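One structure is given here, and the rest of the page talks about it.
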Amino acid sequence: MMKNLDDMVTGAASVAIAGHVNPDGDCVGSCMAVYHYLRDNHSDIRTQVYLEEMRPVFGHLADLDQIRRLPEPGETCDLLILLDVSSLDRIGAAGELFARAKKTVCIDHHITNPGLADENHIVPDASSTCEVLFSLMDREKISRRTAMDLYTGIIHDSGVFQYSNTSPKTMEIAGWLMEQDIPFTRIIEDSFYKKSYAQNRVMGYILMNSQLYLDGKCIAAAADKKCMEQFKVQARDLDGIINQMRLTEGVEAAVFLYALDENRYKVSLRSNGKVDVSAIAMTFGGGGHYMAAGCTMEGKPEEITGKIVEEIRRQLGMEKV
């Protein structure tokens with residue numbers, strides 16, 4: 001039986017909270033939810049969140065100005081709680097604390113997570129880490145700001161309840177969180193639908209230049225350094241493009257690359273059900289879920305795309321042309 005969050009922090013004088021590199025909604029939401037829960041109910045514990053720079057769409061969450069980017073040299077803690085982190089190389093800002101912490105706990109929902117901490121709470125069937133986290137909290141102790149954190153994480157990783165990882169339990173939890181007087185409509189609008197002019201332009205450009213493969217069953221596109229400089233965008237401005245690609249009629253899998261540097265790309269993969277993109281991501285050193293995964297690869301965009309498309313072709317059982 002899983003411990004609850006209150007039991008996990010018993011005896012700890014200092015708790016560090018950390019998520020993965022390039023934090024998304026579930027990562028930010030779960031980290032801030034633990035922070036607020038501990039501040040509200042265990043104010044005697046020194047609590048600190050470590051996260052890399054995040055997108056401005058999370059501005060509705062409280063106390064983001066309390067987040068630190070990096071620990072101090074030699075800093076340690078009694079307990080390090082990792083949230084939404086599926087592998088050691090995905091630990092973001094607090095990576096140095098992992099070896100120095102007296103105890104580590106990982107709360108996650110990635111099927112590829114091997115159980116990297118001293119204590120692990122991994123539920124692959126959950127929509128999000130925030131859903132797992134909710135089950136570890138005492139409902140009576142969840143404040144409005146913690147409810148906003150949890151709701152944010154759930155809607156981000158469930159695609160506002162559209163993805164197949166959404167279950168009746170997910171909806172029950174979301175309904176309970178909505179009853180805590182949170183601005184649920186504004187959270188969704190700010191997170192998914194508001195785009196800057198530059199974000200709209202680069203999405204249009206990338207979709208215009210996307211290509212179909214495997215008789216239209218796969219769609220792929222890339223944003224190289226030149227493209228990102230042309231539209232004056234960063235990685236965080238490209239959020240949502242892969243999901244729009246996935247919705248293309250007839251497509252079973254979508255592939256989107258963006259440049260990390262001149263010859264290194266972040267690869268995002270999405271499936272509509274017939275392709276296990278987590279298996280493909282793992283082939284190239286990444287991970288994720290059956291229908292949403294990613295990895296980092298080196299090479300030219302066309303070379304990387306070719307390797308990924310070949311793995312998709314194999315899964316679909318299509319003849320090589």
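The values are calculated or read from the model by the stated rules, or taken from the named source; none is laboratory data. Bear in mind the structure is a predicted one, so any value in this text is a computation, not a measurement. Cβ coordinates were reconstructed from backbone atoms using ideal geometry, including for glycine residues, and neighbour counts include every protein chain displayed. Just so you know, the surface numbers come from the protein's heavy atoms only, side chains and all, with ligands and any DNA or RNA stripped out. Shrake-Rupley method; radii C 1.70, N 1.55, O 1.52, S 1.80 Å.
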Name the residues of the range 190-215 whose amide N is less than 14 Å from a point 7 angstrom out from the Cα of LYS300 along the C-beta direction? none
Give me the angle, in degrees from 0 to 90, between the Cα long axis of helix 168-178 and the longest principal axis of the Cα atoms of the chain, rounded to the nearest 10. 60 degrees
Which cross-chain or sequence-distant (5 or more) residues have an amide H under 5 Å from the amide H of ALA93, H modelled 1.01 Å from N in plane? GLY19, GLU52
May I ask you to list the lysines whose Cα is less than 29 Å away from that of LYS3, ignoring any residue fewer than eight positions away on the same chain? LYS102, LYS103, LYS141, LYS169
FRET efficiency for TYR290 and SER196, Cβ-Cβ distance as r, R0 = 22 Å, nearest 0.05? 0.10
Could you give the distance between the Cα centres of the range 60-101 and the range 190-255, to the whole Å? 30 Å
Testing the spin-label approximation: label points 7 Å from Cα along Cα→Cβ at ARG46 and LEU70. State their distance in nm. 2.0 nm
Pairing the Cα long axis of helix 144-158 with the longest principal axis of the chain, what angle in degrees results, from 0 to 90 and rounded to the nearest 10? 20 degrees
Heavy atoms only, probe 1.4 Å: what % of the accessible area of the range 16-106 goes to carbon and sulfur, would you let me know? 46 percent
Ranked output for segments 32-42, 136-146 by mean other Cβ atoms within 10 Å, highest leading, reads 32-42, 136-146
Just to make sure I understand: if all protein chains stay in place, what is the order of THR296, THR283, THR129 by accessible area at 1.4 Å, largest first? THR283, THR296, THR129
By its C-alpha gyration tensor, with a ≥ b ≥ c as the square roots of the eigenvalues, how is the range 18-117 shaped: rounded for a/c under 1.5, else prolate for a/b larger than b/c, else oblate? rounded
Helix-only estimate, please: 222 nm mean residue ellipticity of the chain, summing -39500 (n - 2.57) across DSSP H runs of length 4 or more and dividing by its residues, to the nearest 500. -9500 deg cm²/dmol
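Gain in length, ILE188 to GLN211, computed as 0.36 nm per residue apart minus the alpha-carbon separation, to one decimal in nm?
So the extension gain works out to 5.3 nm.
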Check which residues have an amide H placed less than 5 Å from HIS121's amide H, if you skip close sequence neighbours. CYS106, ILE107, ASP108
Note, ³J(HN,Hα) from phi for the range 241-250, Karplus 6.51, -1.76, 1.60, rounded to Hz, x at Gly and Pro: 5, 4, 5, 5, 4, 4, 7, 5, 4, x
Taking Rh as the Kirkwood radius computed over alpha-carbon pairs of the range 189-321 and applying Stokes-Einstein at 4 °C with viscosity 1.567 mPa s, one gets a diffusion coefficient in µm² s⁻¹ of 87 µm²/s
Starting at the first residue of the range 101-111, write each ³J(HN,Hα) from the Karplus equation 6.51 cos²θ - 1.76 cosθ + 1.60 with θ = phi - 60°, in whole Hz, x for Gly and Pro. 5, 5, 8, 10, 10, 10, 10, 7, 9, 7, 5
Paramagnetic label zone (point 7 Å from Cα along Cα-to-C-beta, GLN315; backbone N under 14 Å) in the range 90-113: 111-112
About its Cα centre, how strong a charge dipole does the chain have in debye, to the nearest 20, once Lys and Arg get +1 and Asp and Glu get -1 at the Cβ? 620 debye
Length added when fully stretched, LYS225-GLU249, from 0.36 nm per residue minus Cα-Cα: 5.8 nm
Excluding ligands and nucleic acids, what accessible area in Å² is computed for SER210 using a 1.4 Å probe, to the nearest 10? 30 Å²
Using 0.36 nm per residue, how much length does the chain from LYS232 to LEU260 gain when fully extended, once their Cα-Cα distance is taken away? 8.6 nm
In whole Hz, the Karplus estimates of ³J(HN,Hα) for the range 291-300 (6.51, -1.76, 1.60; θ = phi - 60°; x where Gly or Pro) are 10, 8, 8, x, 7, 10, 9, 10, x, 7
